[in-house]
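Read through the structure below, which is laid out as structure tokens, and then see the notes.
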Amino acid sequence: MDRFEIIGPNRLQGTIRAAGAKNAALPALTAALLAEGTVELSGLPAVQDIRTMVRLLEHLGAEVESSGHTLAVTSSGKPVADDADYALVKTMRASVLVLGPLVARLGHARVSLPGGCAIGVRPIDQHLAGLEALGAEVTLEHGYVTARADRLVGNRFKFAGRTVTGTENLLMAATLARGTTVLDNCAREPEVVDLARLLTAMGARIRGAGEDRIEIQGVDSLGGASHRVIADRIEGGTYLLAAAITGGDVVLEDCAPGDLAALLEVLERAGCAVDVRPTAVRVSAAGPLAAHSIETAPHPGFPTDLQAQYMALMTQAQGRSSIHETVFENRFQHAPELVRMGAAIQVDGGYAWVEGPAPLSGAHVMATDLRASACLVLAGLVAEGRTVVHRIYHLDRGYEGMEEKLRGLGARVERASE
Ligand code: EPU
């Protein structure tokens, strides 16, 4: 197990690029299961979740050739297996994204139920209800979901709540269904739009991705395609927050500033200078930071995946801010670790109140999930002295070479083995 050792305080300065978006790459990889040709995906991030997904695809009989940040996935002929077992699914919830493609392509799928995770219960009831609406017979047994359908049939389905991977699963399943599917109350995340672009390049007929209603006209088969995944707005946003918390000045290049709008607005309100260019954003924080309250929400709201990092920022802002987490019920595990570093935070249910500015001092802290780990790294950057962030494997699931990128911006961060 690796750890990060950070000597603070640091001031970050320079230019940075985000890797390809993990949460766009994962559904794109499973979409390849739908194609009769080869799907070539470029710009993929070199992170653990992608390696896990490749193992799952290979288990399902797909051939995966890799070259740098590009993967070519071929699953022509029928995949040899239809099951995603517990060992893989428990390490990565996104494994559930094979469900839609497998039922659509093979007529059957068996996927381990993901169960709880560090940030909440996270059921998949909406994925299953949607597949049932398309005519699949869904059963739950021995911790596995089995879905069967000779051929899925287009239908109308309204998600009870917005779900990102649920929308992606249904979108993929509907591409090969007979007739038209209309999905309402869809997730509008840029990653959903990116998946629709890939599916369209494969021959799918989709209208409305990125909006509340998506219409899919089923086709008989899908072919290969080449696709470059979008830049990771959460990774990029994390570095902009790192610039802000360290009183730094960072330019994030090759990004889609519109996808970061909620964060950029909040950073401005917190006292940062934000300069938006067509494909880049510069954030600098010369003066004192001001407390500003937020509430997480599905896109285009403030992303839950940046909430932990924002909490680190608020420990350094003047005044009292509240952070309302509305997407996941248990996503404040970073708060007690920040308190151990000297932060003043009170948590009550879905709310956290942060009183700042609190001088942070280096400490041993433990990461519990991906974004909580990023939050602790940000706190370590600004803390006085040595911070050791343990269990960096969480971070490695979604951040490519974070220590090198931070060093490139002038931070003193080293990776060490436990
Ligand atoms: N939900 C249900 N029923 C469902 C599906 C979801 O009740 O059938 C609930 C969840 O429990 C949660 C809310 O709906 O309270 C939203 O969950 P969603 O399904 O949107 O989350 P997800 O698709 O499992 C993706 C990202 C997460 C990100 C969330 C929210 C991927 C692979 N994962 O998860 O990313 O936090 O959307 O934006 O796309 C991360 O990268 O660190 C991460 C956790």
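The values are calculated or read from the model by the stated rules, or taken from the named source; none is laboratory data. Small disclaimer: the values here were computed from a predicted structure and weren't measured. Positions of Cβ are generated from backbone atoms using ideal geometry, with glycine treated the same way; all protein chains shown enter the neighbour counts. Calculation scope for accessible area: heavy atoms of the full protein, side chains included, ligands and nucleic acids excluded. Shrake-Rupley method; radii C 1.70, N 1.55, O 1.52, S 1.80 Å.
Just a few scattered comments:
- Looking only at the stretch 298-324, and only at residues there that are open to solvent by 10 Å² or more (accessible area, probe 1.4 Å) and among the hydroxyl-bearing types (Ser, Thr, Tyr), the one that is nearest to the ligand (Cβ to nearest atom): Thr304
- Yes/no for Ile206 being more than 10 Å from the ligand (Cβ to nearest atom) and in the same structural domain as Leu29 (by TED's automatic domain parsing): yes
- Enumerated helices (runs of 4 or more DSSP H) restricted to the stretch 326-418, each holding at least 1 residues that are open to solvent by 70 Å² or more (accessible area, probe 1.4 Å) and in contact (Cβ under 8 Å) with a residue 60 or more places away in the chain: 393-396
- Arg55 vs. criteria surrounded by fewer than 17 Cβ atoms within 10 Å (Cβ to Cβ), within 23 Å of Ile214 (Cβ to Cβ) and either within 12 Å of the ligand (Cβ to nearest atom) or in contact (Cβ under 8 Å) with a residue 24 or more places away in the chain (or both): no
- Scanning the stretch 146-179 for residues that are hydroxyl-bearing (Ser, Thr, Tyr) and either in contact with a helix residue (DSSP H, G or I) (Cβ under 6 Å, 6 or more places away or on another chain) or not assigned by TED's automatic domain parsing to the domain that holds Val96 (or both) yields Thr163, Thr165, Thr167, Thr175.
- Scan of the stretch 1-32 for residues that are out of contact with any strand residue (DSSP E or B) (no Cβ under 8 Å at 6 or more places or on another chain) and either among the hydroxyl-bearing types (Ser, Thr, Tyr) or part of a helix (DSSP H, G or I) (or both), ordered by number: Lys22, Asn23, Ala24, Leu26, Pro27, Thr30
- Selection within the stretch 4-42 - open to solvent by 50 Å² or more (accessible area, probe 1.4 Å) and either in contact with a Leu (Cβ under 6 Å, 6 or more places away or on another chain) or over 24 Å from His69 (Cα atoms) (or both): Ile7, Pro9, Arg11, Gln13
- One residue from Ile230, Ile245 being β-branched (Val, Ile, Thr) and open to solvent by 20 Å² or more (accessible area, probe 1.4 Å): Ile230
- Checking each residue of the stretch 129-145 against the condition of being within 11 Å of the ligand (Cβ to nearest atom), farther than 19 Å from Ala104 by Cα, among the hydrophobic types (A, V, I, L, M, F, W, C) and in the same structural domain as Ala31 (by TED's automatic domain parsing) gives no match.
- Residues of the stretch 145-186 classified as open to solvent by less than 10 Å² (accessible area, probe 1.4 Å) and under 16 Å from Leu128 (Cα atoms), total: 17
- Every listed requirement among (1) within 16 Å of the ligand (Cβ to nearest atom); (2) surrounded by 15 or more Cβ atoms within 10 Å (Cβ to Cβ) is met by Asp125 save one, (2).
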